[in-house]
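See below for the structure under consideration.
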Amino acid sequence: MARSTSSTRSLLEVVLGFLGALLIVPLLFKTVSGLLRGIFRLGTTRRLVGDLVIAGITALLTREDVLDTLFGQKGKKGDGLLKPPVD
(Lines give C-alpha, C1' and ligand atoms only; values in the text may rest on other atoms or scores of the structure.)
Protein backbone atom coordinates (compact mmCIF):
# COMPACT_ATOMS: atom_id res chain seq x y z
CA MET A 1 0.00 0.00 0.00
CA ALA A 2 1.42 3.38 -1.03
CA ARG A 3 1.61 6.09 1.57
CA SER A 4 1.03 9.69 0.58
CA THR A 5 2.74 12.46 2.44
CA SER A 6 0.87 15.49 3.70
CA SER A 7 2.53 17.76 1.12
CA THR A 8 1.41 15.53 -1.73
CA ARG A 9 -2.11 15.37 -0.36
CA SER A 10 -2.32 19.14 0.09
CA LEU A 11 -0.96 19.70 -3.43
CA LEU A 12 -3.62 17.37 -4.77
CA GLU A 13 -6.31 19.25 -2.82
CA VAL A 14 -5.07 22.58 -4.19
CA VAL A 15 -5.08 21.28 -7.78
CA LEU A 16 -8.56 19.79 -7.40
CA GLY A 17 -9.83 23.00 -5.82
CA PHE A 18 -8.37 25.05 -8.66
CA LEU A 19 -9.95 22.80 -11.29
CA GLY A 20 -13.27 23.00 -9.47
CA ALA A 21 -13.03 26.79 -9.39
CA LEU A 22 -12.30 26.82 -13.13
CA LEU A 23 -15.58 25.02 -13.68
CA ILE A 24 -17.76 26.81 -11.13
CA VAL A 25 -16.65 30.47 -11.31
CA PRO A 26 -17.68 31.12 -14.97
CA LEU A 27 -21.06 29.49 -14.34
CA LEU A 28 -21.51 31.64 -11.23
CA PHE A 29 -20.60 34.84 -13.12
CA LYS A 30 -22.99 33.99 -15.94
CA THR A 31 -25.84 33.26 -13.53
CA VAL A 32 -25.30 36.41 -11.45
CA SER A 33 -24.90 38.66 -14.50
CA GLY A 34 -28.06 37.25 -16.07
CA LEU A 35 -29.97 37.78 -12.85
CA LEU A 36 -28.73 41.35 -12.47
CA ARG A 37 -29.43 42.12 -16.11
CA GLY A 38 -32.99 40.88 -15.68
CA ILE A 39 -33.53 42.86 -12.49
CA PHE A 40 -32.07 46.12 -13.79
CA ARG A 41 -34.11 45.89 -16.97
CA LEU A 42 -37.04 47.05 -14.86
CA GLY A 43 -37.20 50.85 -14.61
CA THR A 44 -38.61 50.82 -11.09
CA THR A 45 -35.76 48.73 -9.73
CA ARG A 46 -33.18 50.98 -11.37
CA ARG A 47 -34.83 54.04 -9.84
CA LEU A 48 -34.98 52.42 -6.38
CA VAL A 49 -31.30 51.49 -6.53
CA GLY A 50 -30.44 55.05 -7.56
CA ASP A 51 -32.45 56.42 -4.65
CA LEU A 52 -30.71 54.02 -2.27
CA VAL A 53 -27.29 55.13 -3.51
CA ILE A 54 -28.18 58.79 -3.03
CA ALA A 55 -29.59 58.09 0.44
CA GLY A 56 -26.45 56.15 1.39
CA ILE A 57 -24.12 58.91 0.24
CA THR A 58 -26.22 61.50 2.07
CA ALA A 59 -26.15 59.42 5.25
CA LEU A 60 -22.38 59.08 5.02
CA LEU A 61 -21.84 62.77 4.42
CA THR A 62 -23.94 63.77 7.43
CA ARG A 63 -21.79 61.75 9.84
CA GLU A 64 -19.36 63.98 11.68
CA ASP A 65 -16.45 61.50 11.63
CA VAL A 66 -16.72 61.10 7.84
CA LEU A 67 -16.76 64.86 7.36
CA ASP A 68 -13.75 65.24 9.66
CA THR A 69 -11.88 62.60 7.62
CA LEU A 70 -12.71 64.30 4.32
CA PHE A 71 -12.30 67.95 5.26
CA GLY A 72 -10.32 67.97 8.52
CA GLN A 73 -11.29 68.78 12.07
CA LYS A 74 -13.74 71.56 12.80
CA GLY A 75 -12.00 74.89 13.39
CA LYS A 76 -12.32 77.12 16.42
CA LYS A 77 -13.08 80.79 16.50
CA GLY A 78 -10.05 82.70 15.28
CA ASP A 79 -8.49 79.80 13.35
CA GLY A 80 -9.15 81.37 9.93
CA LEU A 81 -6.33 83.12 8.11
CA LEU A 82 -8.22 86.40 7.84
CA LYS A 83 -9.63 86.38 11.37
CA PRO A 84 -7.64 87.87 14.21
CA PRO A 85 -6.80 85.53 17.11
CA VAL A 86 -9.37 85.53 19.90
CA ASP A 87 -8.07 85.77 23.46
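The values are calculated or read from the model by the stated rules, or taken from the named source; none is laboratory data. Quantities reported herein were computed from a predicted structural model and do not represent experimental measurements. Don't worry about glycine lacking a Cβ; one is built from the backbone with ideal geometry, like all the others, and counts go over all protein chains shown. To get the accessible areas, we keep the full protein, side chains included, count just its heavy atoms, and leave off ligands, DNA and RNA. Shrake-Rupley method; radii C 1.70, N 1.55, O 1.52, S 1.80 Å.
Structure values in brief
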{"read-out": "Inter-site label distance for Leu11 and Ile54 at 7 Å from Cα along Cβ, in nm", "value": "5.9"}
{"read-out": "Surface accessible to a 1.4 Å probe, Leu23 within the full protein complex, Å²", "value": "140"}
{"read-out": "Neighbourhood charge, 13 Å Cβ-Cβ cut-off, centred on Gly38 and excluding it, Lys, Arg +1 and Asp, Glu -1", "value": "+4"}
{"read-out": "Label point distance in nm, Thr62-Phe40, each placed 7 Å from Cα along Cα→Cβ", "value": "2.7"}
{"read-out": "Stokes-Einstein D (µm²/s) once Rh is taken as the Kirkwood radius of region 18-71 over alpha-carbon pairs, at 37 °C in 0.692 mPa s", "value": "231"}
{"read-out": "Solvent-accessible ranking of Arg41, Arg9, largest area first, probe 1.4 Å", "value": "Arg41, Arg9"}
